[in-house]
Amino acid sequence: RGKYRERDGAVKQLKLRGGRESPRAIQDFRAEVSLMKAMHHPNILELIGATTRPTLCLISDFCHRGNLFDLLYADRQRAEAEGGGSQLKWPLRLHLALDGARGLHHLHSKGLDGSTRGESGKLALAADLEASRAMAHIHCDIKSANILLDEHDRAKLCDFGLAKFVTTVQTMSG
């Protein structure tokens, strides 16, 4: 945790298998950075910066409340210890679920070129050369540990390391 231009920031150092940065690892890292730079949405963790020297690091907004998994686990532990029910109120649960859904919708409906797919847009394999060149994004590792909570209880999707690109195909509905 640190400060960058009066913003609280977090540094994520990426650990590589074998402890070495291969050309492929650096290429994958740069692809993820490019993706994160292109994604601007209140429910997607904002990238502040990145570095490849001396090690691969992502610098993003710091989310003061941690991740959703830890919040749910702590609530469950507290409920079991006190013999009561959950302290997470339903309005907060709904708010967090909607935030996550909004972030996913943005990923799935907006290409990196800024184009937005309509509700009738269908997904196809990127290898389909006849498909549209607008790219949508599929997270592929959505779980409570990859949903961070800021100081205002806004949920933000993070950790795009396993994400996949797919090509969108526009269809007409009649």
### Query
What number of residues within the stretch 39-88 are under 28 Å from HIS106 (Cα atoms), out of contact with any strand residue (DSSP E or B) (no Cβ under 9 Å at 6 or more places or on another chain) and hydrophobic (A, V, I, L, M, F, W, C)?
2
### Task
State all residues of the stretch 84-99 that are surrounded by 14 or more Cβ atoms within 10 Å (Cβ to Cβ) and either of a type in the set (Lys, Arg) or within 30 Å of LEU14 (Cβ to Cβ) (or both); if no residue qualifies, say none.
LEU96, ASP99
### Query
So which residues in the stretch 67-83 are open to solvent by 90 Å² or more (accessible area, probe 1.4 Å) and in contact with a Lys or Arg (Cβ under 9 Å, 6 or more places away or on another chain)?
PHE69
### Task
Quick one: count up the residues across the stretch 24-81 that are closer than 16 Å to ASP141 by Cβ and among the charged types (D, E, K, R).
2
### Task
Report whether or not GLY114 is more than 21 Å from PHE160 (Cβ to Cβ), at pLDDT below 90 and surrounded by fewer than 12 Cβ atoms within 10 Å (Cβ to Cβ).
no
### Query
Do we have any residue at all in the stretch 51-58 that's out of contact with any helix residue (DSSP H, G or I) (no Cβ under 9 Å at 6 or more places or on another chain) and surrounded by 15 or more Cβ atoms within 10 Å (Cβ to Cβ)?
yes
### Task
Starting from the stretch 21-43, take each residue that is in contact (Cβ under 8 Å) with a residue 60 or more places away in the chain and list its partners that are among the aromatic types (Phe, Trp, Tyr) and open to solvent by less than 70 Å² (accessible area, probe 1.4 Å), counting only C-beta distances under 9 angstrom and pairs at least six apart or across chains.
GLU32/PHE160; LEU35/PHE160; MET36/PHE160; MET39/PHE160
### Message
Going residue by residue through the stretch 154-164, is there one that turns out to be open to solvent by 70 Å² or more (accessible area, probe 1.4 Å), modelled with pLDDT of 50 or more, outside any helix (DSSP H, G or I) and within 26 Å of LEU72 (Cβ to Cβ)?
### Response
yes
### Summary
ARG7: passes all of (1) touching a strand residue (DSSP E or B) at 6+ places or on another chain (Cβ under 9 Å); (2) closer than 16 Å to LEU157 by Cβ but (2)
### Unmet requirement for HIS108, which otherwise passes all of (1) touching a His at 6+ places or on another chain (Cβ under 9 Å); (2) under 17 Å from LYS37 (Cα atoms); (3) touching a residue at least 40 places away in the same chain (Cβ under 8 Å)
(3)
### Query
Can we say SER173 is open to solvent by 20 Å² or more (accessible area, probe 1.4 Å), at pLDDT 65 or above and not charged (D, E, K, R)?
no
#### Entry: Meets criteria (at pLDDT 80 or above, on the phi < 0 side of the Ramachandran plot and of a type outside the set (S, T, N, Q)) for LEU129
no
### Task
Tell me which of these GLN27 doesn't satisfy, since it passes every other one: (1) modelled with pLDDT of 90 or more; (2) open to solvent by 50 Å² or more (accessible area, probe 1.4 Å); (3) among the polar types (S, T, N, Q).
(1)
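The values are calculated or read from the model by the stated rules, or taken from the named source; none is laboratory data. In this text the structure is predicted, and so the values were computed from the model without any measurement. Counting neighbours? That spans all protein chains shown, and the Cβs are built from the backbone with ideal geometry, glycine included. What goes into the accessible areas is simple: the full protein's heavy atoms, side chains included, and nothing from ligands, DNA or RNA. Shrake-Rupley method; radii C 1.70, N 1.55, O 1.52, S 1.80 Å.
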